[in-house]
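Here the structure is laid out as structure tokens; the discussion comes afterwards.
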Amino acid sequence: MASTIRNPLEWGWDQVRHAAHALETLEASATRPRDDVASPPMVRRIAATDFFDIFRKAFGDFGAYRTDVFFLCVIYPVIGIVMARTAFGYDMLPLLFPMASGFALIGPFAGLGLYEMSRQRELGVAVTWRNAFAVLRSPALGSIVLLGLILVSVFVMWIATAATLHTAILGPEQPLSMGAFLQDVFMTPAGWTLIVVGMGVGFLFACLALAVSVVSFPLLLDRDIGLGTAIRTSFNAVAINPVPMAIWGMIVAGSLLLGSIPFFAGLIIVMPVLGHATWHLYRTMITP
């Protein structure tokens, strides 16, 4: 037969090997010599007009692989719906917006497979959705995992901070309904204070996540370098291009907001386009 059900022991052994590979690369990332950290890749200055070319290429990738990326990215609206259901079902309604907006903090990690598809298309490889999983064979997998954990930590800190702000400004009582919650937020002075303070604090978290990850994930996929070098290069990219990076942040935030309406369904299109655009942004800013 061309296709058979695999022996459970064989399948389990494969998973053990994959886990061992991840641990080995994780250890290699932690013990990598520091000589590569001293010479981070060079960062180019870019202009806001470069985004036209970046998104032209991103839509080209999306058009070439739209069936495959639809298959990959259908998980994003599912995650959004699960988050919403969690908020409604477990008295976490005040955290619904922080969780939805906080998705942008871990979005660069979630787009790894899309970066890989764009990278392989540049190499002339015939790409399908399976190519996205080539990330698991990357020599820098350990660094990628560590960087992902950093972004997850930032996301968790944002959620904890949002919960603390809600309790401090509106009190510990949970709203009895969505209507009551919206009235508390939009129709009271305390609610407006929560909006202003929350947006300000959220902006700081977004700036941190952007500085850490704007080019670091694509850089780790493209070159076998240390995690410190990747993060340092990402900070340099933001420092050298503050205005374009501010515009990029607004594009990402606005696109994710539109993609979340209605019921996060638009993320099936928004996420792959942003993912491919992130790869081409990296190619535009970092010298070969």
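The values are calculated or read from the model by the stated rules, or taken from the named source; none is laboratory data. In this text the structure is predicted, and so the values were computed from the model without any measurement. In this analysis, Cβ positions are derived from the backbone assuming ideal geometry, glycine residues included, and neighbour counts consider all displayed protein chains. The protein model used for the area step is the full one, side chains on, heavy atoms only, and it has no ligands, DNA or RNA in it. Shrake-Rupley method; radii C 1.70, N 1.55, O 1.52, S 1.80 Å.
Things to note:
- Annotation: extensible slack from Arg223 through Val125 equals 33.5 nm (criterion: 0.36 nm per residue apart, minus Cα-Cα distance).
- Spin-label model distance (nm) - Ala168 vs Leu258, 7 Å beyond Cα toward Cβ: 3.5 nm
- Approximating the spin labels as points 7 Å out from Cα along Cα→Cβ, the Phe203-to-Arg56 distance works out to 3.3 nm.
- Residues whose amide H comes within less than 5 Å of that of Ile286, counting only those at least five positions distant or on another chain, are Arg44 (H built at 1.01 Å from N in the peptide plane).
- The 3J(HN,Hα) values that the Karplus relation (6.51, -1.76, 1.60; θ = phi - 60°) gives for the stretch 147-159 are, in residue order, 5, x, 5, 4, 5, 4, 5, 4, 4, 5, 5, 5, 4 Hz. Gly and Pro appear as x.
- Computing FRET efficiency as 1/(1 + (r/R0)^6) for Thr193 and Ile240, where r is the C-beta to C-beta distance and R0 is 30 Å, gives about 0.25.
- Full-extension gain in nm, Ala48 to Phe97, via 0.36 nm per residue minus C-alpha separation: 14.7 nm
- Cα-based shape type of the stretch 209-269, given that a ≥ b ≥ c are square roots of the gyration tensor eigenvalues and the cut on a/c is 1.5: oblate
- Among Glu122, Glu173, Glu116, the sequence by solvent-accessible area, most first, with a 1.4 Å probe is Glu173, Glu122, Glu116.
- Three-way shape label, the stretch 138-288, alpha-carbon gyration tensor, a/c 1.5: prolate
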